[in-house]
Amino acid sequence: MKVYMIPKPYSVEEKAGEFLLPWDGVITVDNSCGESYFYACLLKQEIRESVGFSLDILAQETEHTAVFMGLNPEGEWENGKEEYLLEVTQRKIRLTAPCGAGLIMGMQTLRQIIRQAKAVIPCMRVRDYPQIANRGYYLDVTRGRIPKLTELKKLVEKLSFYKINQLQIYIEHSFLFPGLSEVWRDDTPLTAEDILELERHCRKHHIDLVPSLSSFGHLYKVLRTRTFRHLGEFPQMADEPFGFVDRMLHHTLNVSKEEALTFAKEMIDRYMTLFSSRYFNLCADETFDLGKGESKELAGEKGTRRLYLDFVRELCNHVVSRGKIPMFWGDIIRSFPEAVSELPKETICLNWGYDANEGPEATQAFARSGIRQYTCPGVNGWNHLIPRIRDSYENIRRMCSYALTYGAEGVLNTDWGDYGHINHPDFSTAGMIYGAAFSWRGETLPFEEISRQISLLEYGDRSESLITLLAGLPEQGFGWRQAVNYLEKGNADKEMFEKTAECLEEIRRAAGELCRILPEIDSSGRERAAAYLIGMRGMELLALTGSFVGEKEFGTKGAQEVSKGVLAQRLEEWFYDYKALWRSTSRESELYRIQNVVYWYADLLRGADGSQINNNKQIGKNL
């Protein structure tokens, strides 16, 4: 039987025969590894769920041992960290590693095999270790969606399953800082207990939970408060109405105020105490306002680059003084990479680039500068109801290969939440697994092959077609980002409305194909796969709404299948289901802001539909 293993191991030697997992067998663990019992429990749970029976766990080999898990530090290991040897013979399964990190990596591979082969496991010899030491996932829990703690724990378990060993959660204002209630009072923030519990869960699964905190740019809610607005480049913007667009473009600390630096250091110190990680990501990205407002005069004297570098250096030195390794996003310093020589030698530059055709130039430049770096691709879900899966594959494939070619210390795959984090968290799974697969050894599989593997292993899809189907969804002319920009800024481009009919046809075709393959998906994955139908419905309704906007702005004739009033009602009915899906995984967080956008369009449609308005008036009289 052919079984898939993600990431692809370094060496798989197939052997003749098969091992029949006995219902009365036992799992034997070597107690010299403190974590071995926990790993054995994960394996036991996998066997129970995949095969149907439960194996006891012992600390001594017997004639009934079906699986042995233990350390062999004296073995001939090539890598030493996260390396393992998995041997399946006709008599038993034997998993050994030089340390606990390798043991859990091998156990996850064994879980993947059992999930597919069930109780009839083909004989093989798997030897494996990573080439890229740090393989991370970065989740935005600030700009729209804050997951429930239970869901964050599930994410940790999935990351470990695919051998990812770092997790960062992005915080601007969504942590309950004591004394800063004005910042988080209208949100549902994570608490210190949440972080401590999440870190404990991460450690059990061999994942380093790295703190990540905005400390320079992207301080939108902080700098809109009465207490802290004076620390921003444009204090007067604090009184502007909320905007998804403006949140992405403004709100940088005013470096000409010493108080701004003190504030940033205090936030770092408060947050740092919750984590055992030796890293701290101070972000410092997209400081668009720097030198344009309150610090304009100082920028005229020193230059904007100098202002940026001096502030980042102060923050990095502060992190180093606390015994931690500073990380920061490299988008600003990318234009003058030679300046990294002024930063502490410990500093790691997070070199991000999210285009499908992202080139190696930035990675090359940082490599020449001598700074430590991670390459940082993305799952391409931000601003979309359903991520652009094929684009994410290509971007992640490239950035992982650059990491290996130019000696990066790690890969950090990102899942951002621009414009409200509208996409369901589970929809980022394919992109997350691409990052896990390609960052392990820098080796990539063709899109169709890795997508087939993900469809079967992650969703139990026997047709192996789910991910390829989803990747075929069209790029919308009028999607979520366009809807937000039109509402907040009045921005509209005639070309975006001209392919509505074609877009609708492709969305509906994909929805039909998904319904047809649902019977091929195991019950454990069917509900997750069906959730994509809600995303597709939202895409369809946005496209129809875009037809109306195009007619209003440019006189274009799109797909106008129903009256505007009926379309408004369908938007509201769809959003009822969307809210239920959101609440199944996430706190309320900023769901109300997404609701405001959807209902604004519903009202706009009704206001343009005179017959619907008259009908509503008549209904009111009857009531």
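The values are calculated or read from the model by the stated rules, or taken from the named source; none is laboratory data. This structure is a prediction, so every number in the text was calculated from the model and none was measured. So basically every Cβ, Gly included, is an ideal-geometry build from the backbone, and we count neighbours across all protein chains shown. Heads up: the accessible areas ignore ligands, DNA and RNA and are worked out on the full protein's heavy atoms, side chains in. Shrake-Rupley method; radii C 1.70, N 1.55, O 1.52, S 1.80 Å.
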Complete set of residues in segment 291-302 that are surrounded by fewer than 16 Cβ atoms within 10 Å (Cβ to Cβ) and not basic (K, R):
E297, G300, E301
Positions within segment 318-341 being surrounded by fewer than 16 Cβ atoms within 10 Å (Cβ to Cβ) and either in contact with a Cys (Cβ under 8 Å, 6 or more places away or on another chain) or more than 16 Å from L213 (Cα to Cα) (or both), in sequence order:
S321, G323, S335, F336, E338, S341
So which helices (runs of 4 or more DSSP H) are wholly in segment 174-277 and hold at least 1 residues that are of a type in the set (S, T, Y) and more than 30 Å from I104 (Cα to Cα)?
181-184, 258-272
All but one of (1) in contact with a helix residue (DSSP H, G or I) (Cβ under 8 Å, 6 or more places away or on another chain); (2) of a type in the set (K, R); (3) open to solvent by 20 Å² or more (accessible area, probe 1.4 Å) hold for R185, so report the exception by its number.
(1)
Among (1) at pLDDT 95 or above; (2) assigned to a loop (DSSP other than H, G, I, E, B); (3) more than 34 Å from the chain's Cα centre (by Cα) - the single one E82 does not satisfy:
(3)
For segment 217-234, state whether one or more residues are surrounded by 22 or more Cβ atoms within 10 Å (Cβ to Cβ) and of a type in the set (S, T, Y).
yes
Of the conditions (1) open to solvent by less than 60 Å² (accessible area, probe 1.4 Å); (2) among the aromatic types (F, W, Y); (3) not in a helix (DSSP H, G or I), F288 fails just one. Which one is it?
(1)
Mind listing whichever residues of segment 545-582 are aromatic (F, W, Y) and within 32 Å of the chain's Cα centre (by Cα)?
W574, F575, Y576, Y578, W582
Does F280 qualify as being closer than 18 Å to M327 by Cα and buried (at least 23 other Cβ atoms within 10 Å of the Cβ)?
yes
Of the residues S392, S401, which single one is open to solvent by 20 Å² or more (accessible area, probe 1.4 Å), in contact (Cβ under 8 Å) with a residue 40 or more places away in the chain, not β-branched (V, I, T) and not in a loop (DSSP other than H, G, I, E, B)?
S401
Any hit, segment 144-158, residues being under 17 Å from the mean Cα position of the chain (by Cα), part of a helix (DSSP H, G or I), closer than 26 Å to H424 by Cβ and among the β-branched types (V, I, T):
yes
Cβ-Cβ below 8 Å, separation at least six or inter-chain, first residue in segment 128-140 and among the small types (G, A, S), second at pLDDT below 95 and open to solvent by 30 Å² or more (accessible area, probe 1.4 Å): which pairs?
A133/K81
For segment 251-264, how many residues meet the condition of being touching a His at 6+ places or on another chain (Cβ under 9 Å) and either surrounded by fewer than 19 Cβ atoms within 10 Å (Cβ to Cβ) or over 25 Å from K324 (Cβ atoms) (or both)?
4
Return yes when E87 is assigned to a loop (DSSP other than H, G, I, E, B) and more than 30 Å from W352 (Cα to Cα) and no when it is not.
no
Could you please let me know if L180 is open to solvent by 20 Å² or more (accessible area, probe 1.4 Å), over 12 Å from the mean Cα position of the chain (by Cα) and within 29 Å of W382 (Cβ to Cβ)?
no
Sort out for me the helices (runs of 4 or more DSSP H) sitting completely within segment 411-501 that have 3 or more residues that are open to solvent by 40 Å² or more (accessible area, probe 1.4 Å) and touching a residue at least 12 places away in the same chain (Cβ under 8 Å).
447-459, 480-489
Residues in segment 107-129 that are over 18 Å from I164 (Cβ atoms) and either assigned to a helix (DSSP H, G or I) or out of contact with any Lys or Arg (no Cβ under 9 Å at 6 or more places or on another chain) (or both): how many?
10
Can you name the condition, by its number, that R305 falls short on among (1) open to solvent by 10 Å² or more (accessible area, probe 1.4 Å); (2) in contact with a strand residue (DSSP E or B) (Cβ under 7 Å, 6 or more places away or on another chain)?
(2)
From the residues in segment 524-567 that are among the polar types (S, T, N, Q) and touching a residue at least 40 places away in the same chain (Cβ under 8 Å), which one is farthest from N491 (Cα to Cα)?
S524
Being within 20 Å of H424 (Cα to Cα), open to solvent by less than 50 Å² (accessible area, probe 1.4 Å), at pLDDT 95 or above and not small (G, A, S) narrows I517, I521 down to just I521
Looking only at segment 592-610, and only at residues there that are without any contact (Cβ under 8 Å) to a residue 60 or more places away in the chain and within 13 Å of G420 (Cβ to Cβ), the one that is least open to solvent (accessible area, probe 1.4 Å):
V598
Unmet criterion (only one of (1) among the hydrophobic types (A, V, I, L, M, F, W, C); (2) under 22 Å from E18 (Cα atoms); (3) buried (at least 19 other Cβ atoms within 10 Å of the Cβ); (4) touching a helix residue (DSSP H, G or I) at 6+ places or on another chain (Cβ under 9 Å)) for I113
(4)
Only one of these is farther than 23 Å from W382 by Cβ and of a type in the set (G, A, S): G538, G550. Name it.
G550
Can you tell me which of (1) modelled with pLDDT of 95 or more; (2) more than 34 Å from the chain's Cα centre (by Cα); (3) open to solvent by 50 Å² or more (accessible area, probe 1.4 Å) is the one T62 doesn't meet?
(1)
Please state which one of T142, T150 is of a type in the set (S, T, Y), surrounded by fewer than 22 Cβ atoms within 10 Å (Cβ to Cβ) and on the phi < 0 side of the Ramachandran plot.
T150
